[in-house]
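Bear in mind that the values in this text are calculations on the coordinates, not laboratory data. Computed from a predicted structure; not experimentally measured. A quick note on method: Cβ atoms are made from the backbone with ideal geometry, for glycine too, and the neighbour counts reach across all protein chains shown.
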Amino acid sequence: MANNKGSSLSNARGREIYVGREFRDSISLLDVLYANEFEEEDIDSAVAKKTEADFYRGAPPQWLNFYWDERATSVDKTTPFIKRDGYSELIKNIQKRRKRDLTSTIKLLHQPGSGGTTLAKQVLWDMRKKLRCAVLTGPTSDITAIAKQVIHLFTAGSQRNQTTVLLMLEDERIQQNLQDAIMKEIAERNITTHVPVVIILNCVQHEKMGFDVDLNKHVLEMQESYKNTYKKHLRSRYLRPLIFLAKVNGVVRQHRVFACVDGKEIEVCAYQQSKVWMSGDVCFYLGFTIRGPVAYGIHYPSHSDRIKEEEPRKKLEVPDIKSMKDGAVRS
């Protein structure tokens, strides 16, 4: 509960209406993002910081991540969450659909781990005071029950207080059936409205996308974001690796390290600059800090030690950072 009045929902006039426990219990299949989420709550900073650290280590984003970032931005005048590629376009698409059919769908295609879910939740967070935002978290076996709860969320309050539901889901298989069930519920309840009832934001994972990605460009953008946003706060701190991807082949030229990935060379930072003392082929563990890609455990292998491109990559056991400092990591 956000404050003594309870949880609030946005309405079509840009104001908020308050709902009680009975309403919240009636929409158990939906994770509703209330308009006043966390407001006037006494948030434990240790919990918030742990949630933040978990997110940067790869955990799914929580609403607390966005609130804590928004609060820090307001209080400390720091730069807010970096808006991911596609954020502005997604906002525009939602705004267009607010003037169209009773129900509509936006499909957000993304690769696993690329930040698609974070992008979608960022949009829901930023629109929580304009739309009634929710994520489908319950079982999807009873489509009719889901449709009824979506309509219940839309109709909360008087007719003039109604406003569009922005519903996020991550299941392409139920999209059309859910849309049909919602339309049936609208007809059976004889709902008349001047605003759309629901906009479905469907996050769909695709293992392979049909376009080429300029990896060097994205690495440069990541490094530029670090320079503009975090460097002044983390100048003297050790940047802990967030993830390790794999052990990869690379090359050293003029004391600069390049990872060889899918036939492309990507410049990365050396964790230990002393390890790039001569030009030649190298192997290393490719990891990422908040600054960008980093080469850990660099060593100059014999030809037989080079990783064969045609061999499938084994699941990486994350090496000990201390061993990387003491010497080369051996596979």
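Modelled spin-label separation between Ser26 and Asp126, with each label point placed 7 Å from Cα along the Cα-to-Cβ direction: 3.3 nm.
Extending 7 Å from the Cα toward the beta-carbon at both Ser158 and Leu109 defines two label points whose distance is 4.6 nm. Compute the FRET efficiency between Asp171 and His299 as 1/(1 + (r/R0)^6), taking r as their Cβ-Cβ distance and R0 = 45 Å, and round to the nearest 0.05. Step by step, r from the Cβ atoms, then E = 0.50. A simple spin-label model places the labels of Lys96 and Thr193 2.1 nm from each other, with each point 7 Å out along Cα-to-Cβ.
For Lys184 and Lys264, a Förster radius of 51 Å and the Cβ-Cβ distance give a FRET efficiency of 0.50, rounded to the nearest 0.05. Packing, taken as the mean count of other beta carbons within 10 Å per residue, orders the peptides 41-51, 167-177 from highest to lowest as 167-177, 41-51.
Note on Glu39 and Arg13: with the Förster distance fixed at 25 Å, the Cβ-Cβ geometry gives a FRET efficiency of about 0.85.
Measuring between alpha carbons in the structure, the pairs from Lys49/Lys92; Lys99/Lys129; Lys92/Lys121; Lys99/Lys130; Lys99/Lys148 lying more than 20 angstrom apart are Lys49/Lys92; Lys99/Lys148.
Using the per-residue mean of other Cβ atoms lying within 10 Å as a proxy for protection, in what order, highest first, do the peptides 9-20, 89-100 fall? Numbers along the way, then the final one.
Details: 9-20: 16.7, 89-100: 13.8.
Descending packing order for the listed peptides: 9-20, 89-100.
Shape call for region 7-205 from the C-alpha gyration tensor, a ≥ b ≥ c root eigenvalues: rounded (a/c under 1.5), prolate (a/b greater than b/c) or oblate? Since a/c reaches 1.5 and a/b is larger than b/c, the shape of region 7-205 is classed as prolate.
Neighbours of Trp125, meaning other residues whose beta-carbon lies under 9 angstrom from its beta-carbon, give a summed charge of -1 when Lys and Arg score +1 and Asp and Glu score -1.
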